[in-house]
1. Looking at Ser157, Ser172 in this structure, which one is among the small types (Gly, Ala, Ser), over 19 Å from Gly48 (Cβ atoms) and in contact (Cβ under 8 Å) with a residue 60 or more places away in the chain?
2. Of all residues in the range 59-78 being modelled with pLDDT of 95 or more and open to solvent by 20 Å² or more (accessible area, probe 1.4 Å), which is farthest from Gln131 (Cα to Cα)?
3. Here is a check on your reading of the model: is Leu40 under 20 Å from Thr167 (Cβ atoms), of a type in the set (A, V, I, L, M) and open to solvent by 10 Å² or more (accessible area, probe 1.4 Å)?
4. Give the range 79-104 a look and list any residue that's in contact (Cβ under 8 Å) with a residue 24 or more places away in the chain, over 21 Å from Arg133 (Cβ atoms) and open to solvent by 20 Å² or more (accessible area, probe 1.4 Å), or say none.
Amino acid sequence: MLRSFATSRPKFLLAVVLLLVAVERTNQTFADDPARSEKLETATFGGGCYWCTEAIFQQIDGVQSVKPGFMGGRSDSPTYDQVLTGRTGHVEVVQLQFDPERVGYEKLLEIFWKTHDPTTRNRQGPGLGSQYRSVVFYHSDDQKQTAIEYKTLLARSRTFRGRIVTTIEPASEFFVAKDDHIDFFKKNPENQYCERYLVPKLEKLKKQFPDDLKDHSSK
């Protein structure tokens, strides 16, 4: 990944600010409503750099929290630098807490598959290595079956030009990323990587899923 920071670009700030307004809504929680909190379910996806997938799912109505981190490897306590080598077997993922009464798991799968390239093995954009592979980690038999059926549907409909290489695997221990990697886009909107790769993804998300965004539900 490109981890350097760009200098301020005034012409770009307005678009970034507008995107951040929607992302900022993710600070809201269900802490004052324990009964509703009990209804939340968990989903975990790996689709390249977790800065991108975090920012995308933070904007989806019904998603109450998004945490970037690592899953699927061999080490008991992987660090970011270790995962970056690709030797631990871990994948950069995001783990979601979502309200199934407001957003279904199938909708999350649709957003996941349509906001990254599931036909490139061990690569997303400039990110190369098994740590960036496309994977759905399921947390229940229902999630497993739904993911398999949706992947089959995408393949049969030839939604993508190439073969879908996304794997569907049982969830394992989740390791949360360091604090400076959490809410990365909100904290670093002018980062060069975000500017070049993440913002176009968010713009595409707004066009493809306008009715599924938090700002839409509040209107």
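1. Step by step, each of Ser157, Ser172 is checked, and only Ser172 is among the small types (Gly, Ala, Ser), over 19 Å from Gly48 (Cβ atoms) and in contact (Cβ under 8 Å) with a residue 60 or more places away in the chain.
2. Within the range 59-78, the match that is farthest from Gln131 (Cα to Cα) is Asp61.
3. no
4. Gln97, Pro100, Glu101, Arg102 - these are the residues of the range 79-104 that are in contact (Cβ under 8 Å) with a residue 24 or more places away in the chain, over 21 Å from Arg133 (Cβ atoms) and open to solvent by 20 Å² or more (accessible area, probe 1.4 Å).
Table: residues versus (1) at pLDDT below 95; (2) not polar (S, T, N, Q).
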position	(1), (2)
Thr119	no, no
Gly125	yes, yes
Ala147	no, yes
Phe174	no, yes
Ala177	no, yes
Asp183	no, yes
Leu205	no, yes
His216	yes, yes
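The values are calculated or read from the model by the stated rules, or taken from the named source; none is laboratory data. These numbers were taken from a predicted model, which means no experiment stands behind them. Reconstructed Cβ throughout: ideal geometry from the backbone, glycine too, with neighbour counts over all protein chains shown. Ligands, DNA and RNA are stripped out before the accessible areas are found, and what is left, the full protein with its side chains, is counted by its heavy atoms. Shrake-Rupley method; radii C 1.70, N 1.55, O 1.52, S 1.80 Å.
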